[in-house]
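A short worksheet on the structure shown next.
The values are calculated or read from the model by the stated rules, or taken from the named source; none is laboratory data. On a predicted model such as this, the values are computed, not experimentally measured, just so you know. Because the Cβ atoms are built from the backbone with ideal geometry, glycine has one as well, and the counts that use them run over all protein chains shown. Only protein heavy atoms, including side chains, enter the accessible area calculation; ligands, DNA and RNA are left aside. Shrake-Rupley method; radii C 1.70, N 1.55, O 1.52, S 1.80 Å.
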Amino acid sequence: MIKIYIDKYFIPPYRQYILIGAILLALFHFYFLGGKDQGNILFVIALLGSLETAVGAMNSIFQRKIGIDTFNIFAVAIAFFAGEVTSAAFIVLMLTFADLLEWKTESRAGNAIKELLSLKPRLALRETPSGELEEIDASLVRKDDILMVKNGAVIPIDGTVVFGKADINESSVTGESRLVGKIIGDTVLSGTINEAGFLKVKAVRVGEDSTLSRMIKLVSEASKNKSRSERLADKFAGIFLPVVIVLGLITYYFTRNMVMTGALFLIACADDMAVAIPMAVAAALGHAAKQGVIIKGGEWLDALSRVKLVVLDKTGTLTYGSIAVKLVVFEPNVTEKVFWRAAGVAEKFSDHPIGKAVYREAVKNFGEIPDPDDYKLVAGKGVRARTAGEDVLVGNMSMIFDHDVPLSENAKNAFDSAGERGEAAFFVIANRKILGVVSIADTIRPEAKKAMKKLHELGIRIVMLTGDNEIVAKEIARELGIVEYRSSLKPEDKLNELEKLIPRGPICMIGDGINDAPALSRSDVGIAMGGGGTAVAVESADIVILNDDLSKVAEMINLGRQTQKVVKTDIIIWILSNAIGFYLVFSGIAGLAFAAFYNFATDFLPLGNSVLFFKGVKKNAK
């Protein structure tokens, strides 16, 4: 029983709370009740409270390092030997408050991981081959399992919807605040919530491969990669603290004032820098994670702030990387419902990416599609189906010739125009009558144009790399306002082009596929589109955009730049606060107790600076 209480209440923050309460109560008794007994109680509590600092100082000495605890315990010892028990108690009180502040900062950084872990569901509903449902542990789900996701349930895996429709809340994973409608063929992510509807989902990525598990892993690893500013702070502290010792020895040599020397040590502690800079970086990483962007450490946030050139792969980055319906041209007197019913019936059982794209669009525009009475794949030409007495064809120009279908001027122009744009076009035909033309292409992401504009506004130069031909590349670049592009590139050509661009400034490379991995690794900052991106690309990248939102790139570059401003401001605050503190010590104004209070109070200055900054960032993000 005693061990349980010790394990619970003698760990942060309970230990700090208990010690703060005990010292405050002892100080109250000492000042208002007086007496020798109260002074002895205060002495014992202050002594016990300083033990942790003493242990930290001894550990530093054994490791042949000079730590902040070394200065602090020296000041406490001076107060005890000088008979200033209240000063010693106040120093311990301020150090405990500072320790509590540091614990809150570190725990805040760890909250992101805790929040992600809380999203993992423990159970899943799996459909057996016989059609029955069984409740199993979520960790037992395997690839290709069919799971049922009821209203209000958390999706345990990444998968593809095979039945039903629902509105999914993806805010916890991607930062997207709006509900996202999902139908057959759509992808769903682990950790997202079914707010309304019913789904059957085929498991695609399970266990450690799921989006949620990858997020947890990436966030955990991010804390290990220190930024340049954090490394600078560590290096500075290693140099600064020995300098303070020399300054303290000189002070004592000329003044013979041990109290002034102890006060100097309290004022000069570099804990402002040790807390403020990592806190600013941690807050920035946390803000990015809430926006659906995982930055794998502070050093990449630093690198982002210096980026002058952004190089983007086209497929899967500027575009979705999957075939979708680009344009539909109906024949005169043909309604939208008639067209999409015919196209949907013909492609309902298609396994081809083009057929699946047409079917998904048909479901969106018509609704539930009936099964065809007969279905046949015509290799290299299209598909043929029969439904309700109609003979439906979906295919290319060969299908027109083979079935002697009259070709109207309207349909021919639509077909030819699609080819000029680099799109693949197909005719939808019912009973030898053309209903319309549907063109298929890799669709540009809706936010891509706005994202490119934001990058231009930040003074960033943009270059697009693609393996597509000149016609397709030129059209995409024109639509997005990109001036520089390279077309018809093989995977190795992309890396060669990147090498040519490197001398022109710090480069950020953005991609999603296996062939982008070498370029992502070679660039100063590699950003992977994590939602549809390959595992290789995500591992090679320094930053992962989980919701594939390109507009986040400009936001993260701006976040990196603003974070650097905060860090520089924190350094200026530290220099000024120490300069004022030194003046107060050498002028005789600051004694031990005042120096402890001053040291604690100035810790809040960089904290306040960071809080104000990130409130502004949050406001701008809305």
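Key figures
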quantity	calculated
For the stretch 549-610: accessible area per residue (Å², 1.4 Å)	40 Å²
Amide H partners (placed H, <5 Å) of K326, local residues excluded	S439, I440, A441
By average C-beta atoms within 10 angstrom, highest first, the peptides 133-140, 548-555	548-555, 133-140
Long-range HN-HN contacts of A153 with modeled amide H, under 5 Å	N194
Surface/4 of the Cα convex hull for the stretch 410-521, nm²	8.9 nm²
Whole-Hz couplings from phi, Karplus 6.51/-1.76/1.60, listed for the stretch 384-395; x for Gly and Pro	10, 9, 10, 7, 6, x, 9, 9, 10, 10, 10, x
Carbon and sulfur %, accessible surface of the stretch 433-498 computed with the full protein complex present, 1.4 Å	54 percent
Accessible area in square angstrom per residue, the stretch 398-536, 1.4 angstrom probe	45 Å²
Karplus-derived HN-Hα couplings along the stretch 550-562 (A = 6.51, B = -1.76, C = 1.60, θ = phi - 60°), whole Hz, x at Gly and Pro	5, 5, 5, 4, 4, 4, 6, 5, 5, 4, x, 5, 5
For the stretch 183-191, 3J(HN,Hα) per residue [Karplus equation, 6.51 cos²θ - 1.76 cosθ + 1.60, θ = phi - 60°, Hz, x = Gly/Pro]	10, 4, x, 6, 9, 10, 10, 5, x
For G181, residues with placed amide H under 5 Å, excluding near neighbours	I168
